[in-house]
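Q: The following block contains the structure, expressed as structure tokens.
Taken together, the values in this text are just the output of simple stated rules run on the coordinates, not laboratory data. Treat the numbers as computed from the prediction; the structure is a model and nothing was measured. Virtual Cβ from ideal backbone geometry, glycine too; neighbours counted across all protein chains shown.
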Amino acid sequence: MHTLTIYILCHNRPDFAEQAIQSAINQSMHTFKLIVSDNSSNDEVERMVKRKFPSIRYVRRLPMLEPLEHFNRCMDEVETKYFCLFHDDDILGTNYVEELFRCIDKYPGAIAYGCNARIEKADRLEEGTSFRSLHRYVHINGSRNLAQRYFARGRTGIAPFPGYIYDRNLVDSLRFAADGGKYADVTWLLRLAMKAPMVWVRAPLMIYRIHESNDSNAESKRDRLKILGFLKRNEKIFGMLLLSDYRFFIYKKLMGTTDNLHFNRRRLASAFMRNQRILRYLRPDYYWSMLVRALAKWFT
């Protein structure tokens, strides 16, 4: 029998948290522990949980932790073989646990198991899913493979971070870097992929919400550059092509925000992007990615 702990990490969003908790309670398979980890600055979530879910294990983080410390504290407390760090503003599909355990049975030995998701914006579900694949299960063999799915040209999408189930023994002592910034989830997953493979389930097993209070809605040049620094420090693993792809990705992100680059830097970034748009047509992997995206869209 698998053992799993699902943490629902909460911060000042009682209405969303109620829906996330209820989605965990509604699972078709109940071989897991559910813990509400409340890192709020007020008592609204606490009052909601005690009123509506009195039997659920509830942990209040006092004093309030920094977001990445909150993730790390939960991992320090895990006692089961597997764990999930789910967000309070997303929703688990009713067969999330059942399908992820089926994946674990089929492919044991992965450090993390992710799933596809439906995307909700402004209270409406979008067409399509978080990633596309021709296969029921997607194997992520190494951090370069994972990084390509985030940053390479012709990307086919990613498994959303909140939906991962991790193997505690393989994660071991690895934790989020305290200074990792708002995109620390990306470097965390890349570091995990350096240790062992990952597997994604193509079926959408959760709803990933994008709304005004999402921290990821606002771009941060400083934190984007932290990822660039991480890729550069591990250049032997990721390679120069991926570094160029990420520079294109980051320039495209930053030039479309109010966090404007200095005029000279903007000019250099524009020239770099023009060159990369031309050079991509000389890369066989670009055409392969386009083919995979087209086929996946057509068949799924």
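Q: Tell me, what ³J(HN,Hα) does each residue in the stretch 220-232 have, in order and in whole Hz, if you take phi through Karplus 6.51 cos²θ - 1.76 cosθ + 1.60 with θ = phi - 60° and put x for Gly and Pro?
A: Karplus values, whole Hz, x for Gly and Pro: 10, 4, 4, 6, 4, 5, 5, 5, 4, x, 5, 5, 5.
Q: Based on the alpha-carbon gyration tensor of the stretch 13-164 and its eigenvalue square roots a ≥ b ≥ c, which shape applies: rounded if a/c is under 1.5, prolate if not and a/b is larger than b/c, or oblate?
A: Cα axes put the stretch 13-164 in the prolate bin.
Q: Find the all-direction average of the projected area of the Cα convex hull for the stretch 151-238, expressing the result in square nanometres with one decimal place.
A: That works out to 7.3 nm², a quarter of the Cα hull's surface.
Q: If you take every residue apart from VAL138 with its C-beta less than 12 Å away from the C-beta of VAL138, what net charge results, scoring Lys and Arg +1 and Asp and Glu -1?
A: Local charge sum for VAL138: +4.
Q: Please give the Cα centre distance for the stretch 160-221 versus the stretch 68-100, rounded to the nearest Å.
A: 11 Å
Q: I'd like the antiparallel share, as a percent to the nearest 5, of DSSP beta bridges with both residues in the stretch 90-216.
A: 55 percent
Q: In square nanometres, what is the average projected area of the Cα convex hull of the stretch 90-216?
A: Seen from a random direction, the Cα hull of the stretch 90-216 projects 8.3 nm² on average.
Q: For the stretch 1-98, evaluate the Debye formula with one uniform point scatterer on each Cα (no solvent term) and list log10 I(q)/I(0) at q = 0.13, 0.17, 0.18 Å⁻¹, rounded to two decimals.
A: -0.40, -0.70, -0.78
Q: Pull up all non-local amide H partners of THR3: gap of 5 or more, or a different chain, and H-to-H distance under 5 Å with H placed in the peptide plane.
A: It is LYS81, TYR82, by chain and number.
Q: Can you put LEU291, LEU241, LEU34 in order, fewest other beta carbons within 10 Å first?
A: Final ranking by Cβ density, sparse to dense: LEU291, LEU241, LEU34.
Q: Let me ask another. Give the relative contact order (percent, whole number) for the stretch 1-104; include only Cα pairs under 8 Å separated by 6+ residues.
A: In percent, rounded to a whole number, it is 45.
Q: Still on this model: Taking the dipole about the Cα centre of the stretch 58-184, with the C-beta of Lys and Arg at +1 and of Asp and Glu at -1, give me whichever of ILE119, ALA147, LEU92 is farthest to the positive side.
A: Of ILE119, ALA147, LEU92, it is ALA147.
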